[in-house]
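Please read the structure below before turning to the comments.
What follows draws every value from the coordinates through simple rules; no lab data is involved. Since this is a predicted model, take the numbers as computed values, not measurements. Methodologically, a virtual Cβ is constructed for each residue, glycine included, from the backbone with ideal geometry; neighbour enumeration extends over all protein chains shown.
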Amino acid sequence: MPKMTTFSEYDGLGLAELVAKKAVTPGELVEAAIDRIEDHNPTLNAVVYKGFDDARRQATEPLPDGPFKGVPFLIKDLGISVAGWPRTHGSRFGNLVDSADSGLMARYRSSGIIALGKTNTPEYGITGTTEGARLGPCRNPWNPNHIAGGSSGGSASAVAAGMVPLAHASDGLGSIRIPAACCGLVGLKVTRDRNPNLPDGYDYAMGNVVDHVVSRTVRDSAAMLDVTGVPEPGAPYPAPPKDRPYLEEVSRSPGKLRIAWSSETPSGRPIDAEIQAALERTVTLLKGLGHEVFERGLGVDYRALYASRGAAAAANFAAGMARLIEEVGREPEPDELEPLTWASLKAGRRQTGADVMRSLQETRMLNYKTLAAFEDIDVYLSPVMGTTVPEIGHIDPVNLEPKEVNRRQGRVFPFTPPFNFSGQPSMSLPLEMSENGLPIGMMFTAKFADEATLFRLAGQLEKEAPWAGRRPRVWG
């Protein structure tokens, strides 16, 4: 079979168009992706399970007529299940082989993708860096000495390196946007319940976690959400419907938007000067495009907001672990969980019912203040991260004390969590680069359920400040 040398130059829709024109076969795309995984994975450690035989077999069978028919795709090793494949959650405890696809996996398959394997994630997706005892550190294609972000770091690293054009990711406190920012990708945290996780969405019950993809282009993100973002029959909290396909929004003018921007942090400490300068250049770009842009923070009590979720989040993790323990049939051994995971589990088991309900009440009321900040604006702009991309080992959940891990995370990742709590759509775009050649992501957040505005603005920015020509050190 001839090798496809230009595979990495195409986005997912571009590859699907080649398949539709019979310029390539799905099998040729699978082999091209496998070649790149085999070339680059020893450096990056992005792909942790290789389902290549399954992918080759699927490429010979009839595929659904979705927008990504025949396109290779990777699944994060956390959350959703793939029939016949292992699911480790990035942990030495509770490794399972799933008997069936989860609901969201079935939706991905309906888009026409061919699943190639699973990607690296930290233990239970807890940290904003993908460094774990079970799967090892995942590295950044722009500079392998630096993190790929987390918890969807494996997916982001693989997409940024050109192994596949897009990959599954999930976001509970920033786990799509952070790796997208670290690796120079488009990363959309969708509106709460936009992508149904039924019938197997127990761990999503609090509403903070959502699934979507990381991609190199805006249109791939939009097209996949058109497939997956459809209410499940009987869904208790379906997200409000869209007006038209998101793929159409990408090419529509956003009009003149009211955009507030800020670099305020929960701690009150300033962000790195280089990030601040990148933010201000983005403000200048937006003004040049005709938007009304002004400096204004959210006006929320960050400390109270972050503190409010503690008891419920801890108990939610303990409840998820209880389900896993039932499935495995035993408690984890002392050396099977990392220190931060043990701390989270023990904290969750200490919570009372009253603690959890008060936590949920407090967060819900504080979310009103976040949402109220959008009553007279269309978009809120901030950086994704407070620092440039740190090196591997700076945030080390395996060897650092849990308090130190969280202290460092608070400094590096101060901006993303409020919009998980409020459920709003929030997107990282790779608009800037640091002096040492690493991406800097800018975060755009819209009103609840208004992905359309984000896609229109992202489409404009992708055209006016294109990033497609940038190539990481490990590529193609």
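Here are some notes:
- Members of region 349-377 found to be among the β-branched types (Val, Ile, Thr), out of contact with any Ser or Thr (no Cβ under 6 Å at 6 or more places or on another chain) and buried (at least 17 other Cβ atoms within 10 Å of the Cβ), listed by number: 356, 377
- The lone exception for residue 427 - which of (1) more than 18 Å from residue 222 (Cα to Cα); (2) in contact with a Leu (Cβ under 6 Å, 6 or more places away or on another chain) it fails: (1)
- Tally of residues being of a type in the set (Asp, Glu) and under 22 Å from residue 253 (Cβ atoms) across region 418-469: 4
- Qualifying residue in region 386-399 (condition: farther than 28 Å from residue 296 by Cβ, without any contact (Cβ under 8 Å) to a residue 12 or more places away in the chain and in a helix (DSSP H, G or I)): no
- Residues satisfying the stated conditions in region 243-285, i.e. out of contact with any helix residue (DSSP H, G or I) (no Cβ under 6 Å at 6 or more places or on another chain), buried (at least 18 other Cβ atoms within 10 Å of the Cβ) and within 25 Å of residue 223 (Cβ to Cβ): 257
- Out of 78, 63, one residue alone is aliphatic (A, V, I, L, M), out of contact with any Asp or Glu (no Cβ under 8 Å at 6 or more places or on another chain) and under 25 Å from residue 175 (Cβ atoms). It is 78.
- Against the numbered list (1) within 30 Å of residue 464 (Cβ to Cβ); (2) among the hydrophobic types (A, V, I, L, M, F, W, C); (3) within 26 Å of the chain's Cα centre (by Cα); (4) surrounded by 13 or more Cβ atoms within 10 Å (Cβ to Cβ), residue 289 comes up short only at (3).
- Residue match in region 107-121 (condition: crowded, with 24+ Cβ neighbours inside 10 Å and under 18 Å from residue 385 (Cβ atoms)): no
- Strands (runs of 3 or more DSSP E) wholly inside region 165-267 that include at least 3 residues being of a type in the set (Val, Ile, Thr) and at negative phi: 210-215
- Leading residue by the ranking (surrounded by the most Cβ atoms within 10 Å (Cβ to Cβ)) among those in region 38-85 that are in a helix (DSSP H, G or I), of a type in the set (A, V, I, L, M, F, W, C) and more than 20 Å from the chain's Cα centre (by Cα): 55
- For region 128-151, the count of residues that are in contact (Cβ under 8 Å) with a residue 24 or more places away in the chain and assigned to a helix (DSSP H, G or I) is zero.
- Those residues of region 358-370 which are in contact (Cβ under 8 Å) with a residue 40 or more places away in the chain and more than 22 Å from the chain's Cα centre (by Cα), in sequence order: 358, 359, 360, 362, 363, 366, 369
- First in region 153-178 and more than 13 Å from residue 119 (Cα to Cα) and without any contact (Cβ under 8 Å) to a residue 60 or more places away in the chain, second anywhere and crowded, with 24+ Cβ neighbours inside 10 Å and among the hydroxyl-bearing types (Ser, Thr, Tyr), Cβ under 8 Å, 6 or more apart: 175/151; 175/152
- Residues considered: 464, 432, 451. Of these, the only one that is over 20 Å from the mean Cα position of the chain (by Cα) and not β-branched (Val, Ile, Thr) is 464.
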